[in-house]
Amino acid sequence: MRVHEKRLDILADVAILKKQHKTIGFVPTMGALHKGHLALIERAIKENEVVIVSIFVNPTQFNTSEDLINYPRTLDSDVKLLLSLSEDIILFAPSPKEIYREQITSNSYDFKGLENEMEGKFRPGHFDGVGTVLKHFFNILNPDKAYFGEKDFQQLQVVKKLVEIEKITTQIIGCPIYREQNGLALSSRNKRLNQNQLAVAPLIYSVLKQVKKDFGTKSVTTLNNWVSKQFKNHDELKLEYFEIAKVSNLKPIKRKQKNTKYRAFIAVFAGEIRLIDNIALN
Ligand code: AMP
């Protein structure tokens, strides 16, 4: 496996690959890799001649310094996991300076309102950070395809808008959410959950599944109230938001309309640790 930390080194590698007309699949991650990441990487391996995985804890997309400091960093075991998939993966693990040079700042993006809902509302500036770092990565790597999890469905929609705005030719591919057997969506942040929190966290997905079941027969208000009730006075889990939104613009709805795709989105705190999940409703 080739591991690059320097922009110039990966640029040189990419230049050779482009000269050889190799198709490049890119999987951006923040490391602390788990099976959800590996599913994306496996798909990229199937669909491209070369796969580049990045591990970069992007400072501009964190909105609290505690979250940035406490974000798990497990590079040695990440490398082992990648090697267990394929020795041909190229790993790009730069420092913030390699990406941002002197100024660690974000561009200000207009993602046509996608950036103002849910995660955008509760994590101001988050999607500017995501857009900025991906713009840098796409510039450096010029991949044919890039793979993103539906676990961060809003991010996936924002990235599709980013490539449109920036006229980036990379094809953006969404991949299904990978879950534990108990339904908990895999996340690097799960590594920080204690035993009690791990035991109750599957409630998040069981609530989403029930909402999906009832979506055809119950009103949006009834469903919203029911979800709030499930977390009210909960010992371990605190609901930050639950929303049923249109897939096309991620705007929360009050009433369902015909021939429209909807998804339910949720963010929950287990102590300090923030967990998100979502489900297609129809
Ligand atoms: P992260 O390292 O959390 O920034 O995630 C890197 C990529 O992996 C993003 O596109 C995520 O949406 C995706 N991802 C994270 N967890 C999962 C999961 N449980 N299932 C599918 N994709 C995931």
Checklist entry - Could you say which residue among GLU42, GLU66, GLU98 is part of a helix (DSSP H, G or I) and in contact with a helix residue (DSSP H, G or I) (Cβ under 6 Å, 6 or more places away or on another chain)? => result GLU98
Item to check | Meets criteria (modelled with pLDDT under 95, within 16 Å of the ligand (Cβ to nearest atom) and open to solvent by less than 40 Å² (accessible area, probe 1.4 Å)) for ASP78 | outcome: no
Next on the checklist: Show the residue pairs meeting these rules: Cβ distance below 7 Å; 6+ apart or different chains; first residue within region 1-28 and part of a helix (DSSP H, G or I); second residue at pLDDT 95 or above and open to solvent by 80 Å² or more (accessible area, probe 1.4 Å).
Outcome noted: ASP13/ARG2
Next on the checklist: Can you tell me which of (1) part of a helix (DSSP H, G or I); (2) open to solvent by 50 Å² or more (accessible area, probe 1.4 Å) is the one THR105 doesn't meet?
Outcome noted: (1)
Checklist outcome for this item: With criteria (1) closer than 15 Å to LEU250 by Cβ; (2) part of a helix (DSSP H, G or I), ASP110 comes up short on (2)
Next on the checklist: Looking only at region 242-282, count every residue that is open to solvent by less than 20 Å² (accessible area, probe 1.4 Å), over 16 Å from LEU156 (Cβ atoms) and not in a strand (DSSP E or B) and tell me the total.
Outcome noted: 1
Next on the checklist: Condition first: hydroxyl-bearing (Ser, Thr, Tyr) and at pLDDT 95 or above. Now tell me which residues in region 43-70 satisfy that.
Outcome noted: SER54, THR60
Checklist entry - Can we say ALA15 is touching a strand residue (DSSP E or B) at 6+ places or on another chain (Cβ under 8 Å), over 13 Å from ILE90 (Cα atoms) and among the hydrophobic types (A, V, I, L, M, F, W, C)? => result no
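Residues checked against (1) crowded, with 18+ Cβ neighbours inside 10 Å; (2) of a type in the set (Ser, Thr, Tyr); (3) within 13 Å of the ligand (Cβ to nearest atom):
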residue	(1), (2), (3)
VAL14	yes, no, no
GLN20	no, no, no
VAL27	yes, no, yes
ARG43	yes, no, yes
ASN58	yes, no, yes
LEU91	yes, no, no
Item to check | Residue that is hydrophobic (A, V, I, L, M, F, W, C) and more than 16 Å from the ligand (Cβ to nearest atom), where the choices are LEU83, LEU134 | outcome: LEU83
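Which of the residues that make up region 166-212 are part of a helix (DSSP H, G or I), of a type in the set (Gly, Ala, Ser) and surrounded by fewer than 18 Cβ atoms within 10 Å (Cβ to Cβ)?
ALA199, SER206
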Next on the checklist: Condition (residue is outside any helix (DSSP H, G or I) and open to solvent by 20 Å² or more (accessible area, probe 1.4 Å)) applied to region 153-165: is it met by at least one residue?
Outcome noted: no
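The values are calculated or read from the model by the stated rules, or taken from the named source; none is laboratory data. Model, not experiment: these values are computed from the prediction. Glycine also receives a Cβ, built like all others from the backbone with ideal geometry; neighbour counts cover every protein chain displayed. Only protein heavy atoms, including side chains, enter the accessible area calculation; ligands, DNA and RNA are left aside. Shrake-Rupley method; radii C 1.70, N 1.55, O 1.52, S 1.80 Å.
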